[in-house]
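These notes concern the structure reproduced below.
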Amino acid sequence: MHKAPRGTFDILPQEYAYWKYVGDRAASLCQLYGYQPLSTPVFEDAQIFTKTVAGGTDIVDKEMYIFEDKSGQELALRAEGTAPVCRAYLEHGLFNLPQPVRLYYIGPTFRYERPQAGRYRQHHQFGFEALGDADPALDAEIIEMARHFFCSLGLSQTITHLNSIGCKLCRPRYLAVLKQHYSSYIDSICPDCQARLVKNPLRLLDCKKVSCQDIAKTAPQITDYLCRECQLHFHSVQKYLGVMGISFQLNPKLVRGLDYYTRTVFEVEPREQGGQSTLGGGGRYDNLIEVLGGKPTPAVGFAAGLERIILNLKNQNLDVPALPKPDAFIAYLDEEAKNEAIRIASELRKAGIALIMATGDRSLRGQMRQADSLGIAYALILGEQEISKHNVMLRDMRSGEQKAIPLAEIAGFLKQLKM
RNA sequence: GUGAGCGUAGCCCAGCGGUUAAGGCGCCAGGUUGUGGCCCUGGAGAUCGUGGGUUCAAAUCCCACCGUUCACCCCA
């Protein structure tokens, strides 16, 4: 028996209500803020990710789906959403449009890691990006949008963590100080942290081990080491958030997993926390486009994992609108009636009535049971009597009332009932 | 990559060494003549995750693999 590969899953019709709900909210949010949709391929030249994501993370080494196609080209399944957007921005000369260019995407991304709560090998991300403008007001806009998004979903109980991780001028200075601080504790930190010290020192700050947290507490804070420009930028972001009435929590320990972030970083998490609780995050990435071969171009964005959002919706028992059901079900009594039913079904659909046609040689009772379990509001019944009188029986499945409607009027009648 | 728990019909699950693997939901059919929801009756559906081993005997014990869940690493 074949199964979906490890860490992947099918989205069955019943689940789809959640996906449609989140997708619809995302699209209307972006419409509201003037962000336009963009879709990029599900795989890219591997370098799009290896050059940008890089850093000291495991993503490139262990977690990326990299393969060669038949021509020997090295490709990678989309590992995250931002770098492909930047590639498209450069490839299509979107820098010639009025800046900033505001874009959003929803699509699958892939990471080879062990599945666990809210984490899959194929997961789906919604993200939005504003490219080509360094204004801190844009950072604030992105953060407001993220908040707005979760509120519109009904996930209003969130905390927004905010930090600045500086730029390529001031961050190295801070990292040196940080390493200095940790070098005196080298024997008391956990083995993971010893590795982080050389591979990814910023990550030292959010080690979960209690013993390491004590050391992190006394560590120097990056915000004390920002250069003048980064400081001003960070203050402006906070000022604009204040103007918008957005509450946030300064968190000097907040860092981001991907290496390309500069200055503003933020993360939204639910008040009820647990493993893998972060709903989404983002920040500014002023160097990324340059790394991909473009002119230095500032940009800022946000991304969220749909699986985690849906997990939260379910945990909080938030109901989502059901997918629309067909307007009617058409049942028949014998072969002659079936013929007529097929004809009527065809005409009704042309008139815009959504309906399900019974099939097989079920008894009328069986057909009615089917209509009931499908949750369809109206059943049309066709038998000898109806055919001889040129009408069709219309049954309201909720009330159980039914009456004969002349064939010529049935489409109009159903349309009226839809209103 | 590391550690722990779990794998019995589409779903939830009982059985934990010994006759035809039990139940609930769902599905299909019927409960007289052309009608659903409640109720009743019947039916279909399980290589007990896969492969090996222990035993006279294994869904039940052991090992491996696979899958899944949770945590770590990493990260959305």
Choice from A:399, A:156, A:277 showing the highest fluctuation, given a GNM over chain A with Cα pairs closer than 10 Å: A:399
Helix runs (DSSP H) in chain A reaching 15 Å along axis by Cα, Kyte-Doolittle at least 0.5: A:136-153
Choice from A:317, A:163, A:339 with maximal GNM fluctuation in chain A (Cα, 10 Å cutoff): A:339
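Taking N as the number of residues in the range A:310-419, what value does Rg over Cα atoms divided by 2.2 N^0.38 Å take?
Output field value: 1.20.
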Over chain A, relative contact order from alpha-carbon pairs under 8 Å, at least 6 apart, %: 16
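Less than 15 Å Cβ to Cβ from residue A:236, Lys/Arg counted +1 and Asp/Glu -1: what total charge do the surrounding residues give?
Values: positive: A:228, A:239, A:263, A:284; negative: A:133, A:135, A:139, A:141, A:144, A:229, A:286.
So the surrounding residues net to -3.
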Theoretical FRET efficiency, 1/(1+(r/R0)^6), r = Cβ-Cβ of residue A:39 and residue A:239, R0 35 Å, to 0.05: 0.50
Peptides A:291-304, A:381-394 ordered by average Cβ neighbours within 10 Å, highest first: A:291-304, A:381-394
Rg/Rg_globular for chain A, with Rg_globular taken as 2.2 N^0.38 Å and Rg from C-alpha atoms: 1.29
Surrounding net charge for residue A:131, when Lys and Arg each add one and Asp and Glu each subtract one, Cβ distance under 14 Å: -4
Peptide ranges A:81-88, A:239-246 listed from the most packed, as the mean C-beta count within 10 angstrom indicates: A:81-88, A:239-246
Reach of residue A:179 by Cα under 29 Å, taken over lysines that are not fewer than 8 positions away in the same chain: A:51, A:62, A:168, A:199, A:208, A:209, A:217, A:253
The range A:315-380 - Rg over Rh from alpha carbon coordinates, Kirkwood radius: 1.11
Packing-based exposure ordering (other Cβ within 10 Å, fewest first) of A:40, A:52: A:40, A:52
Sequence-distant residues sharing a close amide H with residue A:79 (under 5 Å, placed H): A:110
Taking the range A:271-360 and dividing mean pair separation by its residue count, relative contact order in percent (alpha carbons under 8 Å, at least six apart): 20
Using alpha carbons only: equivalent-ellipsoid semi-axes of the range A:275-365, gyration tensor based, whole Å: 54, 21, 10
Relative contact order (percent, whole number), the range A:1-101, Cα cutoff 8 Å, 6+ residue spacing: 22
Long-range Cα-Cα pairs in the range A:92-201 (distance over 18 Å), rounded percent: 72
Euclidean distance between Cα centres, the range A:37-87 to the range A:357-398, Å: 53
Pairwise FRET efficiency - residue A:12 versus residue A:198, Cβ, R0 = 51 Å, nearest 0.05: 0.65
Distance from the range A:114-130 to the range A:143-174 (C-alpha centre basis), Å: 17
Amide hydrogen neighbours beyond the local backbone of residue A:329, cut-off 5 Å, H modeled: A:356, A:378, A:379, A:380
Percentage, to the nearest whole number, of Cα pairs in the range A:47-122 over 19 Å apart: 47
Span from the the range A:273-329 Cα centroid across to the the range A:216-239 one, whole angstrom: 27
Scattering curve values for the range A:195-305, log₁₀ I(q)/I(0), Debye with Cα scatterers, q = 0.18, 0.20, 0.22 Å⁻¹: -1.16, -1.38, -1.52
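We did not get these values from a lab; they are worked out from the coordinates using the rules stated. Remember, it's a predicted structure, so these values are computed and weren't measured experimentally. Cβ: placed from backbone, ideal geometry, glycine included. Neighbour counts: every protein chain shown.
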